[in-house]
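Single-structure report; data block below.
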Amino acid sequence: MITYFWDMKYVLDIPEDKKAFAEEFFKTISFIKNVKAILPNEITNPVILQNINEYETGKVKPTPLSLAELKEMLNA
């Protein structure tokens, strides 16, 4: 038997006064496992979170880059 897992995320713009109702509504649907409110400035991409963690723990060192090199990369 092969089991497949899908991790689907949806971002819904729900007014603050309807937030509690929306969370309870989605929790009642059988195939929805988790309901979580996400702040507008919260980072949820696991790759970005891992890169931040590696930088903060010193596992990865930043690459020195001059402003001229950055401009070239942006205009390429």
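No value in this document is a laboratory result; all are computed from the given coordinates. All of these numbers come straight from a predicted model, not from anything done at the bench. Counting neighbours? That spans all protein chains shown, and the Cβs are built from the backbone with ideal geometry, glycine included.
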Practice task
Counting other Cβ atoms within 10 Å, keep those with at most 14, restrict to DSSP loop, and tell me which chymotrypsin sites (Phe, Trp or Tyr not before Pro) in the chain are left.
Solution key: 4, 5, 6, 10, 31
Exercise for the section: For residue 60, enumerate residues with amide H under 5 Å from its amide H, sequence gap 5+ or separate chain, H modeled in the peptide plane. Expected result: 55
Exercise for the section: Mind checking the full-extension length gain between residue 66 and residue 8? Use 0.36 nm per residue of separation minus the Cα-Cα distance, one decimal, nm. Expected result: 17.0 nm
Problem - Using alpha-carbon coordinates, inclination of helix 46-56 to the longest axis of the chain, degrees - result: 50
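In the chain, which trypsin sites (Lys or Arg not before Pro) fall in coil by DSSP and have 10 or fewer other Cβ atoms within 10 Å? Please report the intermediate quantities before stating the final value.
Details: sites: 9, 18, 19, 27, 33, 36, 59, 71; in loops: 9, 33, 36, 59.
Passing both the DSSP loop test and the Cβ count: 9, 33, 36, 59.
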Fill in the blank from the handout: Check: in the stretch 16-75 the Lys pairs 8 or more apart or on separate chains whose Cα atoms fall under 16 Å apart number 5
